[in-house]
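The values are calculated or read from the model by the stated rules, or taken from the named source; none is laboratory data. Bear in mind the structure is a predicted one, so any value in this text is a computation, not a measurement. We place every Cβ from the backbone using ideal geometry, glycine too, and count neighbours over all the protein chains shown. Please note that ligands, DNA and RNA were not included when accessible areas were found on the heavy atoms of the full protein model with its side chains. Shrake-Rupley method; radii C 1.70, N 1.55, O 1.52, S 1.80 Å.
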Amino acid sequence: MGQPVGPIVDIEQDGRVLIASADEEKALRARRMIEDIVKEAKPGEVYKGRVTRLMNFGAFVEIFPGKEGLVHISELSPTRVNRVEDVVKVGDEIEVRVKEIDNLGRVNLTRRGLASAGDWTQAGVGGGDGKGDEGDRPDRFPRPGRPPRDRDREGYRPPRRRPRP
């Protein structure tokens, strides 16, 4: 018959994968394809992925072929985001970090804390003093000198006063 057209892939019982080919380029391509199939995301790893879908609550990013993760709207930018479309579009290539993999195998991603934070200053995002828009969140301690819910710094809460009869 002649020589085989493509690489020959053999999977051993112990899990080793052997690739044989007369063409080194085809063998390397087969190796990359196999690695993409068996690759798993690990928490803390950084990937460059492509935005595949946008939802109200975040963006789905394909971090490698066949594996998508969700970047929640709160993880898209260091400042408050009103709409996902204000930050990313379908097809954008963005850098993301795997935040966690939940017990169902879903990959949760974040853009916070990455060196590529400089590209976050797109239309309507970033800028200013980094505290968000004026009036978008109440002050942490609304009354001067008093912590929230009438507790002091050690967590002591004074007893409630009973109404007089």
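The table below lists the values:
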read-out: Spacing of the two label points (7 Å from each Cα toward its C-beta) at Asn82 and Asp10, in nm; value: 6.4 nm
read-out: Built amide H within the under 5 Å cut-off of Leu109, gap 5+; value: Leu70, Val71, His72, Lys99
read-out: With DNA, RNA and ligands ignored, accessible area of Met55 (1.4 Å probe; Å², nearest 10); value: 70 Å²
read-out: For the range 2-65, accessible area per residue (1.4 Å probe, heavy atoms of protein chains only), Å²; value: 76 Å²
read-out: Cα-Cα separations in the range 26-116 greater than 23 Å, expressed as whole percent; value: 24 percent
read-out: Accessible-area order (highest first, 1.4 angstrom probe) of the listed residues Phe64, Phe57; value: Phe57, Phe64
read-out: Extension gain, Asn103 back to Glu24 (0.36 nm per residue minus Cα-Cα distance, nm); value: 24.4 nm
